[in-house]
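The values are calculated or read from the model by the stated rules, or taken from the named source; none is laboratory data. This structure is a prediction, so every number in the text was calculated from the model and none was measured. Note that we place each Cβ from the backbone using ideal geometry, even for glycine, and neighbour counts take in every protein chain shown. Only protein heavy atoms, including side chains, enter the accessible area calculation; ligands, DNA and RNA are left aside. Shrake-Rupley method; radii C 1.70, N 1.55, O 1.52, S 1.80 Å.
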Amino acid sequence: MEEKIQNLYGELRNMGALFLIYQKRDNIETTKKIIPEIQEFVLWFLEKNRLEIDETVYQDMSRNLLEILEDILEAMKQRDMVLLHDAAVNGLLEYLQLFVESEQEEATDDDL
């Protein structure tokens with residue numbers, strides 16, 4: 001799962017760069033392609049408290065992650081590019097970052 005998380009992390013980082021730097025706003029098709037990976041990560045995260053944090057914090061994080069997923073799906077349905085960017089790049093990326101090693105993060109920065 002680690003490799004899948006790193007790949008998804010890279011995809012979302014690239015999507016964010018294209019959105020902000022190159023003004024590529026229509027990211028719905030890109031997001032559609034990675035929905036299976038997003039779903040797999042969400043299910044994997046919800047399966048158990050992998051971070052071994054306080055259960056209340058984990059439950060709050062789980063609820064928030066489901067809200068992010070709902071926002072992604074709603075944004076795609078409404079063609080709301082700003083909400084899609086916010087939910088996918090800003091929201092989901094924070095969760096993925098918890099499982100991405102710092103070397104991967106630095107390598108991703110080099111790709112931009």
**Request:** Mind counting the residues in the range 64-97 that are hydrophobic (A, V, I, L, M, F, W, C), more than 14 Å from the chain's Cα centre (by Cα) and open to solvent by 70 Å² or more (accessible area, probe 1.4 Å)?
**Result:** 1
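Do you know which residues across the range 8-63 are open to solvent by 20 Å² or more (accessible area, probe 1.4 Å), farther than 20 Å from M76 by Cβ, in a helix (DSSP H, G or I) and of a type outside the set (V, I, T)? First the steps, then the outcome.
Restricting attention to the range 8-63, the residues satisfying the condition of being open to solvent by 20 Å² or more (accessible area, probe 1.4 Å) are 11, 13-14, 18, 20-26, 29-30, 32-33, 35-37, 39-40, 43-44, 46-57, 59-61, 63.
This time we only want the ones that are farther than 20 Å from M76 by Cβ, so: 21-22, 44, 46-57, 59-61, 63.
Now narrow it down to the ones that are in a helix (DSSP H, G or I): 44, 46-47, 55-57, 59-61, 63.
W44, L46, E47, E55, Q59, D60, M61, R63 - these are the residues of the range 8-63 that are open to solvent by 20 Å² or more (accessible area, probe 1.4 Å), farther than 20 Å from M76 by Cβ, in a helix (DSSP H, G or I) and of a type outside the set (V, I, T).
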**Prompt:** Which condition number does D111 fail, the rest of (1) under 18 Å from Q6 (Cβ atoms); (2) surrounded by fewer than 13 Cβ atoms within 10 Å (Cβ to Cβ); (3) modelled with pLDDT of 95 or more being met?
**Reply:** (3)
